[in-house]
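Below is one structure; the comments refer to it alone.
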Amino acid sequence: MLALSASPLSLFNHPLTLRKPSLPCRPPPSSNPSFWKIRSSSALKVSEAAAVEAEERESRSEPAASSMVFPAIKAAKRVVLVRHGQSTWNAEGRIQGSSNFSVLTPKGEAQAETSRQMLLDDSFDVCFTSPLARSKRTAEIIWGNRKEPMIPEFDLREIDLYSFQVDAPNFIIDGHYPVRELWARARNCWDRILTHQSKSVLVVAHNAVNQALIATAIGLGTEYFRVLLQSNCGVSVLDFIPRAEGGSPYIRLNRLNQSRK
């Protein structure tokens with residue numbers, strides 16, 4: 001079982017102003033008021049230059065370029081993100097994007113069952129899932145016999161790669177900017193998730209879209225695409241805490257890409 005029970009929260013105020021590291025990396029200094037600790041198997045590191053810039057920007061009270069205003073909430077909400085299990089195209093080393101030709105392998109089914117066991121004692125009010133077969137099947141396995149609704153959400157599909165596959169955040173193909181579009185979809189998803197009448201939400205989707213959900217929640221831009229990688233059936237957890245005065249909630253990244261080997 002994954003320990004997702006409530007614990008004292010070290011809250012930080014959205015947004016966090018950072019840039020993708022290009023220099024030797026180290027974690028941000030603890031003197032930064034936006035510093036937080038996470039339990040993780042996916043390293044999020046920030047360059048010294050980026051950390052200094054974040055502190056300087058904060059001292060000038062400049063807003064983050066990637067900042068997002070979230071809907072106000074009346075009660076605390078926990079959102080658990082899970083990537084789908086290994087698919088046939090994962091096993092073959094093929095890039096899937098938002099295509100729907102692959103299905104879970106036997107290993108992927110077993111990974112989903114492991115996630116089901118990890119989350120068995122955790123209560124969820126609703127499950128949002130990508131409509132693509134590999135994620136939908138993962139969600140069905142994890143959800144098991146729960147009676148609460150499972151809601152397909154089109155914006156939770158994997159990144160749209162159109163007629164070409166590449167990983168640069170600003171690349172353009174067929175007149176589209178796939179990573180920018182992905183970040184926009186993630187913001188739309190947060191609006192739907194946070195306005196849904198629920199306190200505990202399971203989201204089963206994909207590597208890139210789960211990265212985008214995490215990044216937009218904690219104020220990171222498209223430069224962080226492929227920095228917050230999610231393994232097959234990796235679990236990430238975000239807590240949203242209402243403000244007494246209303247407005248965009250406090251956000252805490254509680255887990256990042258946690259899995260049972």
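Between S87 and residues 5 or more places away or on another chain, which pairs have amide H atoms under 5 Å apart, with H built 1.01 Å from N, and which residues are they?
T105
Can you list residues from other chains, or at least 5 along the same chain, whose modelled amide H is less than 5 Å from the amide H of V204?
Excluding prolines and chain starts, which carry no amide H, the hits are V82, F128, T129, S130.
Taking every pair of distinct Cα atoms and averaging 1/r, then inverting, what Kirkwood hydrodynamic radius in Å comes out for the range 65-258?
16.8 Å
Once amide H atoms are built 1.01 Å from N in the peptide plane, which residues 5 or more positions from S102, or in another chain, come under 5 Å H to H?
none
Each residue of the range 145-162 in turn: what ³J(HN,Hα) in whole Hz from Karplus with 6.51, -1.76, 1.60 and θ = phi - 60°, glycine and Pro shown as x?
Along the range 145-162, the couplings run 8, 4, 8, 5, x, 10, 10, x, 10, 4, 5, 8, 5, 5, 3, 7, 9, 6 Hz.
Give, rounded to the nearest 20 debye, the magnitude of the charge dipole that the range 65-258 has about its Cα centre when Lys and Arg contribute +1 at Cβ and Asp and Glu contribute -1 at Cβ. Each step should come with its number before you reach the end.
Details: 22 positive and 19 negative charges, 68 e Å.
Dipole about the Cα centre, nearest 20: 320 debye.
Between A72 and N145, what is the FRET efficiency for a Förster distance of 25 Å, r being their Cβ-Cβ separation, to the nearest 0.05? The partial results should precede the final answer.
Numbers: r = 34 Å, r/R0 = 1.36.
With a Förster radius of 25 Å, E is 0.15.
No value in this document is a laboratory result; all are computed from the given coordinates. Just so you know, these numbers come straight off a predicted model, no measurement behind them. Because the Cβ atoms are built from the backbone with ideal geometry, glycine has one as well, and the counts that use them run over all protein chains shown.
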